[in-house]
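The values are calculated or read from the model by the stated rules, or taken from the named source; none is laboratory data. In this text the structure is predicted, and so the values were computed from the model without any measurement. Methodologically, a virtual Cβ is constructed for each residue, glycine included, from the backbone with ideal geometry; neighbour enumeration extends over all protein chains shown. With ligands, DNA and RNA removed, areas are computed over all heavy atoms of the protein, side chains included. Shrake-Rupley method; radii C 1.70, N 1.55, O 1.52, S 1.80 Å.
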Amino acid sequence: MADKKARLTVDGLEEVIELPVYSGTEGPDVIDVRPLTSSGLFTYDPGFVSTAACESKITYIDGANGILLHGGYPIEQLAEHSDYLEVCYLLLNGELPTPEQKETFINTIKNHTMVHEQMRNFFNGFRRDAHPMAIMVGVVGALSAFYHDSLDINDAHHREVCAYRLIAKMPTIAAMCYKYSIGQPFMYPKNGLDYAENFLQMMFGNPCEEYVANPIIAKAMDRIFLLHADHEQNASTSTVRLAGSSGANPFACISSGIAALWGPAHGGANEAVLTMLEEIGDESNIDEFILRAKDPDDNFRLMCFGNRFSRNFYPRAKVMKQTCDEVLAELNISDPLLKIAKRLEQIALEDEYFVKRKLYPNVDFYSGIILKAIGIPTNMFTVIFALSRTIGWISHWSEFHSSPNKIGRPRQLYTGSKKRDYPAK
């Protein structure tokens, strides 16, 4: 039931339109605008930035106060005490698992890590220099051709099986995309390893010698997965929900999310960090680029400084900064680009111009540095983002189908020509 009502008067309409107002457990109230339709009106909200298109219990963001909650748990507490697969369970089920539930969940995921052997042939249809995201969009969409035994979206068990398969197989597919691009043989998953270690051995291992993941690197990889697991109703998540509203199979829906994430305005932020560092080129050029960043008439911008979700040093960024420091200390890498990145970070945290405007380094800045240090090529950054975000996408998809729903049908403000007759010949 609505807690209160808004009353809308419109010039030319005699009646007052009553709109229910609902309150969530957190965040601002929402006005139910569905009664407008019967009066011949729609709302106009380009980009849906002022529209709640769904009700969800999964994730809550309060950017102004630097809050990100999964199932009510702050992200910084999850990053400190939890791990990626436990957060996967939380996003899917709304509660943290008991030790027994967690063990069962992890074992189930491990039992689904392999992909159908015929999928190896699927990769041969791509050029070796194809972008890994192009391959991933196609391969994930094709999963429905191999795993069509549980595609009944109205069956809760089928939805669960699809979720397990996607969580388990995405690291395998991501690593295959990388191995294919460099001409190395695919590495099979090893179920004796944990999630992050397994991904690293599939990325960097080879059949000639045993690969053992550095524990610091494995922990950093797990942190990257965890911190990117879900971020509420963003462009790719909304794409997955909208595709799912048509009744499309989950693999097709996740593929649509990958396609949306591929866009540079969404998932390419940490890749843009490396591009920026390469443009700066050398530590001696930093002061020049800082002046350009402060010049309102210059088009140059420091990528991943500031966050439209937060005017604080966002909790994800704080955790990722700590992880970044740990990785760089462990690897002791002498890389000119990493030196530029650390100097930029120092300036952003100390320079009055950036501090006053709260232009703090965000999570993508630090994750880009970590991935670069680990040895992951830039064109794989968004692939790893997609791998991480799969749990968020499938959780929202499953939530959508767990309750009564309708197909998405956004409306428009039409500004084209009025009705007119075809000219006589």
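Compared with the rule-of-thumb size 2.2 N^0.38 Å for a compact globular protein, segment 47-164 has a Cα radius of gyration ratio of 1.35. Taking every Cα-Cα distance in the chain and sorting them into 20 Å bins starting at zero, the pair-distance distribution P(r) comes out as 23, 53, 21, 2 percent.
Here is what passes the span test in the chain: the DSSP H helices with alpha carbon length of 27 Å or more along the helix axis and a Kyte-Doolittle mean of 0.0 or above are 156-182, 381-401.
Could you name the lysines whose alpha carbon sits less than 28 Å from that of K5, not counting residues in the same chain fewer than 8 places away? Within reach: K57, K406. In terms of Cα to Cα distance under 20 Å, which lysines are near enough to K179, apart from those fewer than 8 places away along the same chain? Straight-distance partners of K179: K169, K190, K372. Remark: the chain carries a charge dipole of roughly 1320 debye about the Cα centre, counting +1 on each Lys and Arg Cβ and -1 on each Asp and Glu Cβ. The alpha-carbon of K294 sits under 25 angstrom from the alpha-carbons of these lysines, leaving out residues fewer than 8 places away in its chain: K318, K321, K339, K342, K356, K358. Once you reduce segment 385-406 and segment 1-27 to the center of their Cα atoms, the two points are 29 Å from each other. Among R343, R159, the order of accessible area from largest down is R343, R159, computed with a 1.4 Å probe on protein heavy atoms. Can you compute the helix-only [θ] at 222 nm over the chain? Use -39500 (n - 2.57) per DSSP H run of at least 4 residues, normalise by all residues, nearest 500 deg cm²/dmol. The helix-only estimate for the chain comes to -16000 deg cm²/dmol at 222 nm.
The heavy atoms of C304 offer some 10 square angstrom of accessible surface to a 1.4 angstrom probe. Largest to smallest in accessible area, the residues L242, L291 fall in the order L291, L242 (1.4 Å probe, all protein chains included). For a test of the definition: using alpha carbon positions, the gyration tensor, and the 1.5 limit on a/c, classify segment 41-94 as rounded, prolate or oblate. Since a/c reaches 1.5 and a/b is larger than b/c, the shape of segment 41-94 is classed as prolate.
Distance from a point 7 Å along Cα→Cβ of Y211 to each backbone N in segment 346-376: keep the residues under 12 Å and list them by number. Taking a point 7 Å out along Cα→Cβ of Y211, the residues of segment 346-376 whose backbone N falls under 12 Å are 375-376. Rounded, prolate or oblate: which fits segment 181-313 when a ≥ b ≥ c are the square roots of the eigenvalues of the alpha-carbon gyration tensor, with rounded for a/c under 1.5 and prolate only if a/b beats b/c? Taking the square roots of the gyration eigenvalues as a ≥ b ≥ c, segment 181-313 is oblate.
Taking amide H atoms as placed 1.01 Å from N in the peptide plane, the amide H of I67 lies under 5 Å from those of D62, each 5 or more residues away in sequence or on another chain. Looking at the square roots a ≥ b ≥ c of the eigenvalues of the Cα gyration tensor of segment 284-376, which shape do they give, rounded for a/c under 1.5, prolate if a/b is larger than b/c, or oblate? Cα axes put segment 284-376 in the oblate bin.
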